[in-house]
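What follows is one structure encoded as structure tokens, with my remarks underneath.
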Amino acid sequence: MKVAIAGAGSVGTAIATDLHNSGHDVLVLEQDPDLVERLRPTIDVTWVAADACEVASLDAAGLATVDVVVAATGDDEDNLVISLLAKQEFAVPRVVARVNHPKNQWLFNETWGVDVSVSTPHLLTALVEEAVSVGALVRLLQFEGGEAHLVEVTLADNSPARNRPLSELEVPRDASVVAVVRQDRVVIPRGDTVMQVGDEVVVLVTGESEDKVKALLVGS
């Protein structure tokens, strides 16, 4: 997979290193040429000293050939512009954007070309809630500009789903139970999978189906 990363700060370089170590073809764009020269010997990826907010620079870097673009700069406005150009001008299949300030989260959607947005404060909040919450629905990750996202519920003693097979729960058509974590073991859910108290149930939902899923797993 070929991945282009815009921004060579601590976040961008960490992503580039991980993806390179996993065997992916990585291209990093950074507008500070001095920073590029300092980092070039440290990470064996393709480096381009260019402004990722300019169409000509992205075209010269070959953005039309990449599978994924990661807008990882420290500026939300730049990340939005990069995402929009990647999607509209170069038809990049998948665009992932970093959200620096939580108040800007609402902007990072398909209108701006963003397929997945990552907000560190929101992610940390979700991880804390996921670790301590039983009988509550917790959002883990957002996809497709907010139209779909992953949620997690740890089934409590009073869950309507306890001791019932998945086939009886009448999960909405626009939602899907993707995994059940039971005693540190991942159970691939099937129709005859019986929900148990303490199960961590991971569900892909839309905005319309979230409340219905919550009612099924948590209750009113």
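Overview of results
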item: Index of the failed condition, D25 passing every other in (1) loosely packed, with under 14 Cβ neighbours inside 10 Å; (2) farther than 20 Å from L141 by Cβ; result: (1)
item: Selected residue (only one of N100, N79, N104 is at pLDDT 95 or above, surrounded by 13 or more Cβ atoms within 10 Å (Cβ to Cβ), closer than 20 Å to S119 by Cα and not aromatic (F, W, Y)); result: N79
item: Hits in the range 30-88 - residues which are assigned to a strand (DSSP E or B) and among the hydrophobic types (A, V, I, L, M, F, W, C); result: W47, V48, A49, V68, V69, V70, A71
item: Subset tally (residues that are surrounded by 15 or more Cβ atoms within 10 Å (Cβ to Cβ) and in contact (Cβ under 8 Å) with a residue 40 or more places away in the chain) for the range 163-195; result: 4
item: Odd one out for A71 among (1) over 20 Å from V114 (Cβ atoms); (2) touching a strand residue (DSSP E or B) at 6+ places or on another chain (Cβ under 6 Å); result: (1)
item: Leading residue by the ranking (farthest from A49 (Cα to Cα)) among those in the range 18-29 that are part of a helix (DSSP H, G or I) and not acidic (D, E); result: N21
item: Identity of the residue in the range 84-115, without any contact (Cβ under 8 Å) to a residue 40 or more places away in the chain and of a type in the set (K, R), that ends up farthest from A60 (Cα to Cα); result: K103
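The values are calculated or read from the model by the stated rules, or taken from the named source; none is laboratory data. Just so you know, these numbers come straight off a predicted model, no measurement behind them. All Cβ positions, even for glycine, are placed from backbone atoms using ideal geometry, and neighbour counts span all protein chains on display.
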